[in-house]
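Colleague: What follows is a structure written as structure tokens; I'll ask about it next.
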Amino acid sequence: MNHREFFLPELELATGQVRDALKAILHTVLFIRSPGPISCIDCDCESFHLTYSRIANSDSKKKPGNPEKKDFLDKKVDGSIEEFLQRLTTIGPELLSGFLTLSFFERRASKQLFGMLSHEEKVVFEQWHIHVVVNNTPSPISEDNSAKLERQRIQDTAEAMVKSTMMKIFQYASGVDDSADPMAPGNLDHIPPTMYEFEIKTSKNVDDRENLVSQFKNMPALLNLE
């Protein structure tokens, strides 16, 4: 099985925009790559004029906005975002940087010593890499025209980046990479026909991200999206 990696466009966001943007990106990929039949819901971003689809909560009675009734999927996504924010690295004045990697893998039983012993291994078949630069530069707060224009420019730039990333997700998810004709049929042969799982990892730099694959052998049991 081939292992495919997708590197999404770098995002530069204000601190208050990071959670909303990463939720949209992660939930979109999880929805597109979910194995088996699922229910979905549409969600509106609070920070951007953007609606995305995600896997519906397992509790059909869950009320939106009730933090006490998060399901496992929400906990995994929200927890990874909070960890990401805690592990940001300073790269310049008012600038922080971090990486998120969403990996999909399947579990395989392998035998050793003439079949007398067996163990389970995790085989990664797809990874999505997200690089975010967090800009903490204070926005102008006055109500004069120049300040309003600058706030709108910052908002429009961030929103355009997020929307561009979402479009890239749909391109990659269809099996078409940057080297191929965007209109050509995609190749999805690397995705197994069986149920598989996912993990979201945070890292401070590129070297940490490249070492994530070797860490999968020691990962605990994860979610099986049935």
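The values are calculated or read from the model by the stated rules, or taken from the named source; none is laboratory data. Bear in mind that the values here come from a model prediction, so they are computed numbers and not experimental data. Just the protein is used for accessible areas: all its heavy atoms, side chains included, with ligands, DNA and RNA removed. Shrake-Rupley method; radii C 1.70, N 1.55, O 1.52, S 1.80 Å.
Colleague: Hey, among 201, 163, which residue is modelled with pLDDT of 75 or more, open to solvent by 20 Å² or more (accessible area, probe 1.4 Å) and in a strand (DSSP E or B)?
Modeller: Step by step, each of 201, 163 is checked, and only 201 is modelled with pLDDT of 75 or more, open to solvent by 20 Å² or more (accessible area, probe 1.4 Å) and in a strand (DSSP E or B).
Colleague: Continuing with this model, one more query. Let me confirm something: among 96, 113, 149, 88, which residue is within 18 Å of the chain's Cα centre (by Cα) and either at pLDDT below 95 or open to solvent by 20 Å² or more (accessible area, probe 1.4 Å) (or both)?
Modeller: 88
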